[in-house]
Amino acid sequence: MALTPIVLALNAAGEATARRVAAALDCPLHGRAGRTDAEITFPNALDHARDLFVAGHAVVGVCASGILIRAVAPLLSDKTTEPPVISVSDDGAVVVPLLGGHRGANRLTREIAAALNATAAVTTAGDLALGIALDEPPAGWALHDGAAAKSVMAGLLAGDPYILAGEADWLAPIAALPNVATEDLRVADGRRAILVPRVGGRPDFAAPHLVFDARTHALGVGCARDAEPEELWQNVQHVLAEAGVSPGAVASVNTLDLKLDEPAMNALAARLDVLLRAFTAEELAGIAVPTPSDVVRAEVGTSSVAEASALAASAGQIVVTKRKTANTTAALARAAAPITERRGRARGRLSIVSIGPGQASWRTPEASRLVQEAEELVGYGLYIDLLGPLAAGKPRADFPLGGEEARCRHALERAGEGRNVALICSGDAGIYAMGALVFELMARTDDSAVSDAARRVEVVCTPGVSALQAAAARAGAPLGHDFCAISLSDLLTPREDIVKRLRAAAEGDFVIAFYNPVSKRRRTLLAEARDILLRHRPADTPVMLATSLGRPEEHLRYRRLDELEVDEVDMLTVVLVGSSHSRLVSTGDGARMFTPRGYARRMAGGDLPAGVGL
């Protein structure tokens, strides 16, 4: 698996060791602020280790093991998905894998120990006894059912008889065990290894067993626009069956770059759990293939898609020539050795990442993971800065306020070149933010449209804590009944439309969250909104002003609706106006705002018909 380790130095005593580890792994070094001279710093070790773990980083801490354990313990749930966590003593004498043995921790530990001439304190039974992790095959090999690895390893260590059939040099430590018999395995076209319990001298395939395939084959595919995924899947199955090749032997699905957004091809790659890679028409046109087509050349600029892309990805030879169905084509090529090099380019991905108000505790694990996976970050500079060390070392493109369209266009076009790009947005990107603009740019067909390549990228959206939610949580429960949000910015919305919505919301007696309430030049709409609302709800209706939510300078205060003053509000303030039913209640922590939903009326036998839920 591809790991992205981060080395943590918590004090000056361990900083030299941490720098040696970072150099050996060719990865970033993060240091405790005020206690190390690291360029990338963090204020709190527990919070930072937790953030990195949630984001999917392998965490290597030069510190006491207990610090890392306390940091990640509340997050542990599934050992098959959790990233490695490794502790290294300050003097570099001992390296201890704490978590992630199933995801490369033991391998990383040995690599670090070798660099430091240290002791690798690996405690995993299989690794200790056999020097191999059956659930972590080397690059170029695929394991069919990883869930069976634990049972098989336990059987091997207990001395149970097994049969190892096939060809896999990396399994030599298993073949050398006295309780393992080796046999030849004939595969029509490919390399496979099977480790299965032996009963009465014969393999028992009903028991847990392991099947490993060398990824020596590359699929090349083509299809008509919006072809059915099942049609392509059936075609590929026929091709694999003709070659006598297991799906596990396929290293990648390959095609023409114009087809990167085809649902059928993306579904095929997901089904095979491999990468979808693409080549340009110019790259494919120079490859000699068994069955070229003038029709294909006239349409896309190359005489072959399926065969040529399979050859381009494998640098091998065709074993199954192009097979056609009504809307799809598929071909298979074989390489001389397991394929570990990623040829061609990936489908680009644009992650629209909502980071909430900015503090790490309000950022979702998904958002942190997408930032970690991104090759580039794009956004308003302040928002990227709020990511702190999570963004350190990543290429970034900063755009000013007012450069929203340029920001989104840049992110889309970079993703269109095959990159994994994260567009960083505060709050929730789908609420008065960049999410809608990204899709608007993709939908345009005039001169302002983005390129065709940009429209083919994968777009991932994450939810975030919006200013509306944050203000409501700080207030208490003001959104306990119907509510709405209205932006008072007339930069993109005609003023008359804003006023029309204000009147409708006032008449509907909605709780209202005002976004963009004022700016340096726009000072009248908030006062006009106040006056409109006062025609429909009491003068003492509670209003909450929430400024810089979730940040150290956060400032909250309550006002009566008739006392709401424009000069007390700025661009960083959310104005939350209650309905005619909203009120304040005094608690031990001060006044809290809530909007009752009607439970009291229901309990008193109110006017709702029987059986109607609230």
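The values are calculated or read from the model by the stated rules, or taken from the named source; none is laboratory data. Only a predicted model underlies this, so the values are computations on that prediction, with no experimental measurement involved. Reconstructed Cβ throughout: ideal geometry from the backbone, glycine too, with neighbour counts over all protein chains shown.
Miscellaneous remarks
- In the condition set (1) farther than 29 Å from A270 by Cβ; (2) assigned to a strand (DSSP E or B), G220 is compliant with all but (1).
- Meets criteria (surrounded by fewer than 20 Cβ atoms within 10 Å (Cβ to Cβ) and either more than 19 Å from the chain's Cα centre (by Cα) or assigned to a helix (DSSP H, G or I) (or both)) for A472: no
- Test for L545: is it farther than 17 Å from A472 by Cα, surrounded by 17 or more Cβ atoms within 10 Å (Cβ to Cβ) and hydrophobic (A, V, I, L, M, F, W, C): no
- All conditions in (1) closer than 30 Å to G61 by Cβ; (2) at pLDDT below 80; (3) touching a strand residue (DSSP E or B) at 6+ places or on another chain (Cβ under 9 Å); (4) aliphatic (A, V, I, L, M) hold for L134, with the sole exception of (2).
- Among the residues of this structure, A374 counts as one that is touching a Ser or Thr at 6+ places or on another chain (Cβ under 7 Å), closer than 22 Å to T4 by Cβ and either among the hydroxyl-bearing types (S, T, Y) or at pLDDT 90 or above (or both).
- For the stretch 360-375, a tally of residues being of a type in the set (S, T, N, Q) and within 12 Å of G464 (Cβ to Cβ) returns 2.
- Exclusive hit being assigned to a loop (DSSP other than H, G, I, E, B) and within 26 Å of P74 (Cβ to Cβ), set G418, G358: G358
- Matching residues in the stretch 406-428 - criterion: being under 23 Å from A485 (Cα atoms) and either assigned by TED's automatic domain parsing to the domain that holds L572 or acidic (D, E) (or both): D428
- Per-region count, the stretch 201-215, residues within 28 Å of the chain's Cα centre (by Cα) and part of a loop (DSSP other than H, G, I, E, B): 1
- When each of A243, A313, A281 is tested for being aliphatic (A, V, I, L, M), farther than 16 Å from L219 by Cα and in contact with a strand residue (DSSP E or B) (Cβ under 7 Å, 6 or more places away or on another chain), the lone residue that passes is A281.
- Test set (1) hydrophobic (A, V, I, L, M, F, W, C); (2) out of contact with any helix residue (DSSP H, G or I) (no Cβ under 9 Å at 6 or more places or on another chain); (3) at pLDDT below 95 - F439 fails condition number: (3)
- Count - residues of the stretch 169-209 that are over 30 Å from A264 (Cα atoms) and touching a residue at least 60 places away in the same chain (Cβ under 8 Å): 3
- Qualifying residue in the stretch 52-61 (condition: surrounded by fewer than 19 Cβ atoms within 10 Å (Cβ to Cβ) and touching a strand residue (DSSP E or B) at 6+ places or on another chain (Cβ under 7 Å)): no
- The strands (runs of 3 or more DSSP E) found entirely in the stretch 241-344 that carry 1 or more residues being among the aromatic types (F, W, Y) and out of contact with any Cys (no Cβ under 6 Å at 6 or more places or on another chain) are 275-279.
- Meets criteria (buried (at least 18 other Cβ atoms within 10 Å of the Cβ), at pLDDT below 95 and either within 20 Å of the chain's Cα centre (by Cα) or acidic (D, E) (or both)) for G418: yes
- Taking the stretch 13-42 as the range and being under 27 Å from the mean Cα position of the chain (by Cα), not in a helix (DSSP H, G or I) and not hydroxyl-bearing (S, T, Y) as the test, the residues that pass are D26, C27, P28, L29, H30, G31, R32, E39, I40, F42.
- For the stretch 189-200, taking the residues that are of a type outside the set (V, I, T) and either out of contact with any helix residue (DSSP H, G or I) (no Cβ under 8 Å at 6 or more places or on another chain) or assigned to a loop (DSSP other than H, G, I, E, B) (or both), the one that is surrounded by the fewest Cβ atoms within 10 Å (Cβ to Cβ) is identified as G200.
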